[in-house]
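The values are calculated or read from the model by the stated rules, or taken from the named source; none is laboratory data. Since the structure is predicted, the reported quantities are computational estimates derived from the model, not experimental observations. Here the Cβ is made from the backbone with ideal geometry for all residues, glycine too, and neighbour counts use every protein chain on show. The area values use the complete protein model at the heavy-atom level, side chains included, leaving out ligands, DNA and RNA. Shrake-Rupley method; radii C 1.70, N 1.55, O 1.52, S 1.80 Å.
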Amino acid sequence: MSASTRGHRERIVYETAQHLRRAGVGGTGLRQVVADAGAPRGSLQHYFPGGKDQLVGEALGWAGTWAAARVEEHVARMRRPTPARLFAAIAEDWAADLESRDYERGCPVAAAVVDCADTNATVREAAASALQTWQRPIAAALVAMGRGPRRAQALSTLMLCALEGAIVLARAQHDTAPLRLVSRELAPVLDA
């Protein structure tokens, strides 16, 4: 759905996720989010009576749902899916995104966790939920590829840990090499 066809509420949630990707929770200004969403000034109080925490939580929920849908798209496009191919597709998605945006946007969930996991339980819980939403289709795909449920859970956790770390390194280095490295090095482990 393009930004022009979304309602004000949806645009505000989307723009919040984009701001989180760039600047984390602390650097996400609500006035700028509303302006970037093209929404009326009173929209925040109307749509998000719980304030910034509610808005950030919904943006993280959106991000988890979006990431889960991308996983499902990758699996659907693969003729012969393997865990390593799935991980490579996800990592390549991130590499392409980072390169196309000059490394200015990372994962909104990771940014929120780094910013306030120890100070804001509401945001931490929303981030944990978003990660679970993202992990669920990865684990389900791994089960469909023949891994047992416990092994699929372990491998999907490993995949997300490696991916998030590689995204941080790629942004810091302005180079997608860390994403390609974890994809290559984890392949034998994932497919074993």
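Quick look at the numbers
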{"item": "Residue list for segment 173-192, restricted to those being under 21 Å from residue 22 (Cβ atoms), open to solvent by 20 Å² or more (accessible area, probe 1.4 Å) and in contact with a helix residue (DSSP H, G or I) (Cβ under 9 Å, 6 or more places away or on another chain)", "result": "174, 175"}
{"item": "Selected residue [part of a helix (DSSP H, G or I), touching an Asp or Glu at 6+ places or on another chain (Cβ under 7 Å) and buried (at least 17 other Cβ atoms within 10 Å of the Cβ)] from 84, 91, 126", "result": "84"}
{"item": "Any chance residue 118 is modelled with pLDDT under 95, open to solvent by 30 Å² or more (accessible area, probe 1.4 Å) and of a type outside the set (S, T, N, Q)", "result": "yes"}
{"item": "Residue satisfying condition, being of a type in the set (Phe, Trp, Tyr), buried (at least 16 other Cβ atoms within 10 Å of the Cβ) and in contact with a His (Cβ under 9 Å, 6 or more places away or on another chain), within set 47, 14", "result": "47"}
{"item": "Selected residue (criterion: nearest to the chain's Cα centre (by Cα)) from residues of segment 144-157 that are in a helix (DSSP H, G or I) and buried (at least 16 other Cβ atoms within 10 Å of the Cβ)", "result": "156"}
{"item": "Near pairs, Cβ below 6 angstrom, 6+ apart or cross-chain, from segment 26-42 (in a loop (DSSP other than H, G, I, E, B)) to any residue that is surrounded by 13 or more Cβ atoms within 10 Å (Cβ to Cβ) and of a type in the set (Val, Ile, Thr)", "result": "39/12"}
{"item": "Residue check for residue 140: open to solvent by less than 40 Å² (accessible area, probe 1.4 Å) and at pLDDT 95 or above", "result": "no"}
{"item": "Near pairs, Cβ below 7 angstrom, 6+ apart or cross-chain, from segment 131-142 (charged (D, E, K, R)) to any residue that is surrounded by fewer than 20 Cβ atoms within 10 Å (Cβ to Cβ)", "result": "136/68"}
{"item": "Members of segment 97-108 that are under 14 Å from the mean Cα position of the chain (by Cα) and outside any loop (DSSP other than H, G, I, E, B)", "result": "97, 98, 108"}
{"item": "Looking only at segment 43-63, and only at residues there that are outside any helix (DSSP H, G or I) and without any contact (Cβ under 8 Å) to a residue 24 or more places away in the chain, the one that is farthest from the chain's Cα centre (by Cα)", "result": "49"}
{"item": "Residue satisfying condition, being open to solvent by 40 Å² or more (accessible area, probe 1.4 Å) and either in contact with a Cys (Cβ under 8 Å, 6 or more places away or on another chain) or over 17 Å from residue 136 (Cβ atoms) (or both), within set 105, 70, 79", "result": "79"}
{"item": "Residue within segment 5-15 that is of a type in the set (Val, Ile, Thr) and at pLDDT below 95 present", "result": "yes"}
{"item": "Candidates 157, 176 - the one that is under 19 Å from residue 72 (Cα atoms) and of a type in the set (Val, Ile, Thr)", "result": "157"}
